[in-house]
Amino acid sequence: MVVIQEKLEASQCVKCAASKDPAVRLFILGGMLIAFGAWCFNDAFLAGKYDLPEAPKINDLLTYWFNHGGAVAFPVLGIIPLAMGVLSLRRKVVADAEGIGYVGKAAILWSAVTKMDTSRWKSKGILVLHASDGRKFTLDEWKLDKRNFRDLIAMVERHVAPAEEKVS
């Protein structure tokens, strides 16, 4: 099994970093969850607006638990999209003479590519490589940096036979 490593030879290797758009959406979601948690914390613990009612009605009880539970749950849940955004920005696709894959992960060798699915290429900018061992490698124009994406696609087209591009 070949593991892709970052290579310095620019002529033999195409590197494509992650796009910032998906990560920004995750950062916005994480920031909103943390802000909601801070708002709930302020209302429930600092301002003391929501005490446990003596004779609770369902709405009063739900308001109490939403603000007290949300003060803890929302920030914890906000960490998840923040971490996913950071991880998505760190991903790099590298294609060289041997194969294609993410840096530090197992590569798909060009000789192992059995089919190139181009059915969503024109509408969405998505290209899927199918390997002989059942693995799929998706190249998505929205998730990868557009500056090197066309060079990456050109590298794929050089190594995958045109007869294998047809989707059955």
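So what's the gap between the Cα centers of the range 109-153 and the range 14-49, to the nearest angstrom?
31 Å
Using a 10 Å cut-off on Cβ atoms, rank the peptides 99-112, 73-86 from the highest mean neighbour count down.
Taking the mean over residues of other Cβ atoms within 10 Å, the ranking is 99-112, 73-86.
By counting other Cβ atoms within 10 Å of each Cβ, how are C40, C13 ranked from fewest to most?
C13, C40
For the pairs K20/K143; K122/K143; K122/K146; K20/K122; K20/K105, flag any whose C-alpha to C-alpha distance is greater than 19 Å.
K20/K122; K20/K105
Using only the alpha carbon atoms of the chain, find the Kirkwood hydrodynamic radius as the inverse mean reciprocal pair distance, in angstroms to one decimal.
That comes to 19.1 Å for the chain.
Report, in cubic angstrom per residue, the convex hull volume of the C-alpha atoms of the range 20-90.
Given the Cα convex hull of the range 20-90, per-residue volume reads 70 Å³.
Counting helices only, and only those DSSP H runs with n ≥ 4, report the 222 nm mean residue ellipticity of the chain as the sum of -39,500 (n - 2.57) divided by its residues, in deg cm²/dmol to the nearest 500.
Computed mean residue ellipticity for the chain: -14500 deg cm²/dmol.
I'd like to verify something in the chain: which complete DSSP H helices, judged by Cα projection on the helix axis, reach 24 Å or more and average at least -1.0 on the Kyte-Doolittle scale?
Flagged H segments are 20-41, 58-90.
Each reported figure results from applying straightforward, stated rules to the coordinates on display, with no laboratory input. Just so we're clear, the structure is a prediction, and the values are computed from it rather than from any experiment. We place every Cβ from the backbone using ideal geometry, glycine too, and count neighbours over all the protein chains shown.
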